[in-house]
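For reference, the structure discussed in these notes is given below.
The values are calculated or read from the model by the stated rules, or taken from the named source; none is laboratory data. What you are looking at is a predicted structure, and each value in this text was computed from that prediction instead of being measured. So basically every Cβ, Gly included, is an ideal-geometry build from the backbone, and we count neighbours across all protein chains shown.
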Amino acid sequence: MTRRSRSPGAGKPSGSGPSTGAWVGLLLTVAVAAAVWLFIVRPRATEPVEPVVVPAVRLDTPPAAPVPPESSFVAARFPTDQDILRDPATPGVFQPTASGNPMSALFGSVRFTEVGGHLVPSFHEGIDIAPLQRDARGHPLDDVHSVADGRVAYINRLTGNSNYGNYVVLLHTDPLGEVYTLYAHLATIAPGLRAGLPTPKGMVLGRMGNTATPMIPLARAHVHFEVGVVASANFDRWFRAQRLTPDHGNYNGWNLLAVDPRGLFRAQHAITNFEMQVYLRTVPVAFEAVVAAPGLPDYFRRYPRLWQGAAFTRGWLVLACSEDGVPLSGRTATPAEARLAGARRSAVLKVDEVALGRNGAHLVTKEGGAWHIGRAGERLLEILTY
């Protein structure tokens with residue numbers, strides 16, 4: 001029997017490993033799969049990718065200063081339907097005192113009061129606007145409106161505990177700081193009006209009247225309108241420390257420093273972007289006083305634009321004031337100025353007698369040819385520095 005020969009490896013089992021051809025086929029398969037992934041499945045991978053730029057942060061860069069609010073008095077309206085910029089001699093626009101003098105209804109040293117049997121000038125902090133309409137019994141029918149967007153700061157509904165009678169105080173935003181408006185002698189106050197309530201321009205606050213202590217004769221009923229700045233947020237604490245009454249918080253007339261409403265409205269009409277500080281620059285300085293202060297007065301914390309020069313810690317400062325005491329600017333006193341006060345807490349540095357006019361506020365008085373701080377002036381400076 002003839003034996004058949006076997007090729008090398010013929011004695012190995014058939015599943016022991018791939019042949020060379022199999023390895024080549026496997027490599028070709030892998031290469032094709034990679035090509036499909038790179039050029040078909042992920043075609044975007046070959047496109048250029050824009051780098052993400054992260055801006056560098058400078059740790060020494062101060063934050064941007066807050067943008068001051070626009071003044072509420074831009075495009076303000078009058079408190080009633082009367083045009084308060086009309087000639088004061090125009091009958092029926094302003095309500096004069098019993099003297100009948102039309103000027104007595106305006107702002108400033110326009111009135112007289114009796115002191116020690118003598119008539120002396122007195123200061124009127126606002127304007128008195130007459131009614132346009134009355135009912136059959138002579139009561140005014142005019143509504144009183146908010147002159148600008150604001151909020152209610154205070155309402156007095158007790159007729160007999162203030163010379164203002166029933167009155168409302170509003171606060172309004174301005175780049176300088178909050179500005180107040182006051183509406184006094186109201187017959188009625190709008191229902192639902194309360195402290196903190198927003199008051200859009202034109203909102204009815206109440207009805208014109210004749211409330212006061214004592215009552216104003218009905219024939220001379222009017223609304224007394226004021227606008228100005230608040231002397232101190234600490235006033236109520238000062239007032240209570242003096243054991244004085246009645247208590248109107250920070251909205252007692254002593255703490256409300258007024259400017260001429262008609263002058264302000266003229267400026268508001270003339271200046272495109274009205275600001276209170278711009279108007280205050282037009283108010284003449286009537287006197288300068290040096291006064292001791294334990295720290296920067298609250299007034300200049302709330303109206304910082306009115307402070308001039310280096311920061312104040314304590315010592316002596318100089319106030320430049322209007323006739324009725326509005327601090328138009330403040331600065332640190334020089335040593336020479338401080339010495340002028342001597343043992344007192346305050347002294348007059350200079351007076352502009354033209355700007356002071358009739359001096360109805362009596363904040364400074366002239367005795368023996370020299371100017372001194374009057375009693376009313378001492379009270380004002382104490383309030384400002386309390």
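Every condition in (1) out of contact with any Cys (no Cβ under 9 Å at 6 or more places or on another chain); (2) touching a residue at least 60 places away in the same chain (Cβ under 8 Å); (3) hydrophobic (A, V, I, L, M, F, W, C) holds for Phe300 except the one numbered (2).
Residues in the range 264-276 that are surrounded by 16 or more Cβ atoms within 10 Å (Cβ to Cβ) and touching a residue at least 40 places away in the same chain (Cβ under 8 Å): Leu264, Phe265, Gln268, Phe274, Glu275, Met276.
When residues in the range 187-202 are screened for being loosely packed, with under 11 Cβ neighbours inside 10 Å and on the phi > 0 side of the Ramachandran plot, 2 of them pass.
Among the candidates Ala310, Ala320, Ala293, Ala361, the residue that is without any contact (Cβ under 8 Å) to a residue 40 or more places away in the chain, crowded, with 16+ Cβ neighbours inside 10 Å and either outside the structural domain of Ala76 (by TED's automatic domain parsing) or in contact with a Gly (Cβ under 6 Å, 6 or more places away or on another chain) (or both) is uniquely Ala320. If you go through the range 269-283 and pick out every residue that is out of contact with any Ser or Thr (no Cβ under 7 Å at 6 or more places or on another chain), in a loop (DSSP other than H, G, I, E, B) and under 29 Å from His372 (Cβ atoms), you end up with 2. Close Cβ contacts (under 9 Å, 6 or more residues apart or on different chains) running from residues in the range 175-190 that are more than 15 Å from Ser146 (Cβ to Cβ) to residues that are acidic (Asp, Glu) comprise Pro175/Glu70; Pro175/Glu275; Leu176/Glu275; His185/Asp128.
Quick check on the range 323-352: of everything there that is of a type in the set (A, V, I, L, M) and within 24 Å of the chain's Cα centre (by Cα), which residue is surrounded by the most Cβ atoms within 10 Å (Cβ to Cβ)? Can you show your working first?
Our first condition is that a residue be of a type in the set (A, V, I, L, M); within the range 323-352, this holds for 326, 328, 333, 336, 338, 340-341, 343, 347-349, 351.
From what's left, within 24 Å of the chain's Cα centre (by Cα): 326, 328.
On the way: Val326: 22, Leu328: 18.
Per the criteria, the residue is Val326.
For the range 371-379, the count of residues that are assigned by TED's automatic domain parsing to the domain that holds Arg314, modelled with pLDDT of 95 or more, part of a strand (DSSP E or B) and aromatic (Phe, Trp, Tyr) is at least one.
So, Gly206, is that one outside the structural domain of Phe107 (by TED's automatic domain parsing) and either closer than 19 Å to Leu384 by Cβ or surrounded by 22 or more Cβ atoms within 10 Å (Cβ to Cβ) (or both) or not? Please lay out each step first, then the result.
Working: outside the structural domain of Phe107 (by TED's automatic domain parsing): no; either closer than 19 Å to Leu384 by Cβ or surrounded by 22 or more Cβ atoms within 10 Å (Cβ to Cβ) (or both): yes.
Criteria not met by Gly206.
Show me the strands (runs of 3 or more DSSP E) found entirely inside the range 76-186 where at least 1 residues are modelled with pLDDT of 95 or more and surrounded by fewer than 20 Cβ atoms within 10 Å (Cβ to Cβ).
108-115, 118-124, 143-145, 150-156, 167-172
Taking each residue of the range 249-261 that is more than 16 Å from Leu381 (Cα to Cα) and modelled with pLDDT of 95 or more and looking for partners that are polar (S, T, N, Q) and not in a loop (DSSP other than H, G, I, E, B) with beta-carbon atoms closer than 9 Å, six or more apart or interchain, yields Gly249/Asn255; Tyr251/Asn156; Pro261/Thr181.
The number of residues in the range 132-155 being of a type in the set (A, V, I, L, M) and without any contact (Cβ under 8 Å) to a residue 12 or more places away in the chain comes to 1.
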